[in-house]
Amino acid sequence: MVSRLRFFLALLALAGLGRAQTERALFAPVPLAPTPVAEAGLAVSEESARRALALGFASSAAAQAERLVAESSEASARRDAGALVLAAARLELGDAAGAGQALAQHSAERPMSYRLRAGLVAARLGQAAAAQVELAALRPEGLPVEERAWLPFLQGMVAELARDQARAAAAYEQALAVATSDWQRARLRLVRERLRLAQGEATENQANALRDQAERYAGRGVGTDYAIQYAVALSLLGRKEQGISYLQTHVGTITAVGAATARDDARLMLGLLAGSGTGTGRVALEQLLAGGTDAGKQRMALGLLAEGAQTAEAREQLRRVAARLLAATPAHALSEELLLVRAELALADRAYGEAEAGARELLTRFPASPLRARAFAQLAATAWELRRYRTAADYAGQAAGATDDARAAASLRLLAAEASYRAAESSKQPEDYRAAGESYALVSAEPPADVAPATILFQWVMSELGAGRVTEAAALIDGFAADPRFDATTRWQAEWNLARGLQAAGQSEAAWARVTKLRAEAGADERPAGLRARLAWLEARLAQDAGRPEDALRLAQGMPAVLAGLAPRLSEAEASLSREVGGLGRLVEAEALFTLGRSDEAVAVLKALRAEETNTEAAMQSYLVEADYQAAAGRLVEAQGLLTGFADQHREHDYAPYAIFQAALNAERRGEDAFYKEAYVLLEGVVKHPKAGELVFAARLKQGDLLRRLGDFASAQQIYEVLVNQYAQHPDVLTAQLALADCHRAQAKQDASHFESAITILERLRDLVNAPLDLRAEAGFKLGDMLAGRESRDPAVPAAAALAVWGPIKEALVTDEEGAAKLGARGRYWTGRLLVRMAAVLEQAGRMEEAGEVYRLILARGLPGATVAAARLAPAGAGAE
């Protein structure tokens, strides 16, 4: 049975690996300040909201920004970014009051982007003085490139409030000139038209005069201008439906040659008045998009249609319209925009194949398109949703390189780093973690303004740890120690994870030394009292794990005094944390006493803990610690009784299924068929426990092993097949496949088909590039061993087949020093067995010189089997079996 104390080392992972922890920690964490998260999902949400806003999907952008604000921590840079996107989206929708409410979600900081929106809100609400104050504080160079056109637009709004129409007109023209793209110019014109509809004034006399002029000049372009103004006047007088009806009738009368411009204007206004979400408005805008002559007005129509596509049905309708126009000959003037909008609509409806195809088509047909950055971003978002993280990282990087907007580029580089980290978490390959670390290093040089730099630095450290580069991770933390961006709490959490990485690398002593030093530093500065409490526990914990029980005991027994000294400075929440940390300190004390052979004292500490701190995490863990001690001392019945008793008393606790699992392992260690059966029944309780979670796989796997011990290979086979089929992505599924091959082999004498099934599985595992080398070595040995024992009229045939399997493995994992260095203890065991068996087969074939070379290789590499090899090479034992 794996020692329970060894599992207790999982306490080092109490803070997890940031947001990236995928392994379930055995124990609940020591309460921490919020662990930094790299905000991967939030980064994607922010990029999606910005992209939706830029493409005219203001309603969609608003909805995504609302979620971003809700899911981000208060006063965080990410929440501020969401509030700014939400305010901009609501402004474009004409909801100035809602935009003001969005700005209220922003932190106390007032960057230029905030002041721009605050000015636009004030101007939209007619608050000239407030708008002027914000305007006076704005400078173009302080705004992102894509927002600078809104500065002269605000100047125009302020001029209109002052009734200076000439200055207003000039400002609006300047806004159009400064716009970064035709698409942004269309958005500016739409907002301008909406302002005219909302802020204009009209009287009945003016409306009547406009109607008369429209009738007087009917059939001419100027007549349409009057008709549009009349419809607007009716809307301002509160008779919008009448205006819509009038203009709809008027559009049908425009038949004069050269009246296309007038028709475009009328359809655009009809779409604005009726709204793109209505049948009348949508039809008018679709007609303008399909048959208009002014590309600028067509962009406005496409923007309005995109804004109105708020349901799946409406999005499908617009996708069909876009597809029809893209298929037309000659090519539509807005082909680039249509491709991008159609892809965005498909992405919103999770039609990922269509979204990817649309973005790719844009990049293929228009490689120099100013929209290519957004197309790359769409591809990144699509790949992210499909969990193709390496692909997402690549596209996000290309998007960053294709944009001239420094802020957007920084966010996209962060998205690329986040995707790289997700890819690494999925593959667990060191090279993927290294790639993520390189990406975070790039981001840290120019971090996005809306992300806390400490978060990026933390994830950089986590990437190095994931790659197994603990020395580099330690150097990074040391380098960041003087960086004001790397706050004390974030450093604590990074140190915590570094300690775990050092321990995993067999460097518990180094981990303890670092935390001891960190704690000494914490005592000399103004770090939070709660942080000092946690450090006190961690130092004691690491001392025990580093094999220093005397130090661990001293530190653990000194914790009450440390916590008492901190008590006056603890908040209410930290005081609760302090009590929990104190209980965990008593657990370390008990472990140290067990290690020092003072078991009676250790048991007394655990019993006192359970009596004084009933139902705390530490009290729950105390049962498991004591059971582990009893098991280690050979008192398996007592250990099993403690574990099952705990599970019965605390059935709903998260540790209950783990306790039952450990009880089953203790039963198995008792080594008789009756106890194997008892263990099997206990494991069934784990499987059925509502909180078993990831333990279900381990429990089923162990049940299969027990059935094999009992000789019931058919039943074991069924269990392994279920695991292989239902847990295809589980990190240990290859172990189940290997066990399944063993079951088939055991049944091969009764049914020859089992032999072929075993061979098939073993061949695949041997050749599986992503499989652990140790497992591939085991599969290779077993494959060759089966082939060597296969019945044949010619003994040379099975021998040749086995040697053909073992030869390449010997070269790759033994002869090659680099490959041999990658083997773990298990891999060395199986390669040792492989070489001993290989040498025996060579001897049986009369190839004594080759067999000797294999035996000498075993001795040279210090592999298991050295005793056999030495005996076979000794002259006196040359004929021995």
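Estimated from the Cβ-Cβ distance and a Förster radius of 41 angstrom, the FRET efficiency linking Ala295 and Glu431 is about 0.30.
Counting Lys and Arg as +1 and Asp and Glu as -1 over every other residue whose Cβ lies under 13 Å from the Cβ of Glu66, the net charge comes to 0. Under a no-solvent Debye model with one identical scatterer per Cα of the range 670-767, what's log10 I(q)/I(0) at q = 0.19 Å⁻¹? Log-scaled intensity ratios, in q order: -0.91. The slack between Asp164 and Ala449, meaning 0.36 nm per residue of separation minus the straight C-alpha distance, is 98.9 nm.
Computed over Cα pairs, the Kirkwood radius of the range 752-806 leads via Stokes-Einstein (1.306 mPa s, 10 °C) to a diffusion coefficient of 139 µm² per second.
Evaluated with a Cβ-only charge set (Lys, Arg +1; Asp, Glu -1), the chain carries a dipole of roughly 1100 debye about its Cα centre, given to the nearest 20.
Evaluated at q = 0.18, 0.20, 0.33, 0.35 Å⁻¹, a Debye calculation over the C-alpha positions of the range 51-93 (equal weights, vacuum) places log10 I(q)/I(0) at -0.42, -0.51, -1.07, -1.15.
Dipole orientation for the chain: of the candidates Ala796, Leu338, Ala355, Leu338 has the Cα lying most toward the positive pole (charges on Cβ; Lys, Arg +1; Asp, Glu -1). Shown here are the Rg and Dmax of the Cα trace of the range 582-652, at 11.5, 34 Å. Just going by the charge dipole of the range 814-878, with Lys and Arg at +1 and Asp and Glu at -1 on Cβ, which of Ala825, Ala839, Gly852 is farthest out on the positive end? Checking the options against the dipole of the range 814-878, the answer is Ala825. Which residues in the range 467-489 have a backbone N closer than 12 Å to a point placed 7 Å from the Cα of Ala504 along the Cα-to-Cβ line? Residues passing the 12 Å test: 467-470. The fraction of all Cα pairs in the range 737-854 landing in successive 10 Å bins from 0 to the largest distance is 14, 45, 33, 8, 0, given as whole percents. Using only side-chain charges placed at the Cβ, +1 for Lys and Arg and -1 for Asp and Glu, the dipole size of the range 749-881 relative to its Cα centre rounds to 300 debye.
Dividing the summed -39500 (n - 2.57) terms of all DSSP H runs of n ≥ 4 by the residue count of the chain sets its mean residue ellipticity at 222 nm at -24000 deg cm²/dmol. Roughly what angle does helix 529-545 make with the longest principal axis of the chain, taking Cα atoms, 0 to 90 degrees, to the nearest 10? Around 30 degrees separate the two axes. Summing +1 for each Lys or Arg and -1 for each Asp or Glu among the other residues whose beta-carbon sits under 15 angstrom from that of Ala860 gives +1. Between Val681, Phe376, Pro152, the Cα set farthest toward the positive side of the dipole of the chain (charges on each charged residue's Cβ, about the Cα centre) is that of Pro152.
Rounded to the nearest 20, the size of the Cβ-charge dipole of the range 794-857 about its Cα centre is 360 debye, with Lys and Arg at +1 and Asp and Glu at -1.
Surface composition of the chain: carbon and sulfur atoms hold 51% of the protein heavy-atom accessible area at a 1.4 Å probe. A compact globular protein would have a Cα radius of gyration near 2.2 N^0.38 Å; the ratio found for the chain is 1.24. Looking at the range 205-293, which chymotrypsin sites (Phe, Trp or Tyr not before Pro) are in a loop (DSSP not H, G, I, E or B) and have at most 15 other Cβ atoms within 10 Å? The qualifying sites are Tyr217. Compared with the direct C-alpha span, the chain from Glu521 to Ser599 gains 24.6 nm at full extension, assuming 0.36 nm per residue.
FRET efficiency for the Ala796 to Lys749 pair, using the beta carbon distance and R₀ = 22 Å, is estimated at 0.40.
Close Lys pairs in the chain (alpha-carbon distance under 19 Å; sequence gap of 8 or more, or different chains): 8. One chain, two ends: Glu612 and Asp483. Fully extended at 0.36 nm per residue, the span grows by 42.1 nm beyond their Cα-Cα distance. Take the Cα of Ser181, step 7 Å along the line toward its Cβ, and report every residue of the range 322-352 whose backbone nitrogen sits under 15 Å from that point. It comes to 334-345, nothing else.
Mind checking the range 140-179 for trypsin sites (Lys or Arg not before Pro) that DSSP puts in a loop (not H, G, I, E or B) and that have at most 13 other Cβ atoms within 10 Å? Filter output for the range 140-179: Arg163. The residues of the chain present an accessible area of 43 Å² per residue when probed at 1.4 Å with all protein chains retained.
To the nearest ten degrees, helix 673-688 and the longest principal axis of the Cα atoms of the chain are 10 degrees apart. The trypsin sites (Lys or Arg not before Pro) of the range 730-804 that meet both conditions, a loop assignment by DSSP and at most 13 other Cβ atoms within 10 Å of the site Cβ, are Lys749, Arg793.
The values are calculated or read from the model by the stated rules, or taken from the named source; none is laboratory data. What you see is a predicted model; the values in this text were computed from it and never measured. Please note: Cβ atoms are built from the backbone with ideal geometry, for glycine as well, and neighbour counts cover all protein chains shown. These area figures cover heavy atoms from the full protein model, side chains too; ligands, DNA and RNA do not enter into them. Shrake-Rupley method; radii C 1.70, N 1.55, O 1.52, S 1.80 Å.
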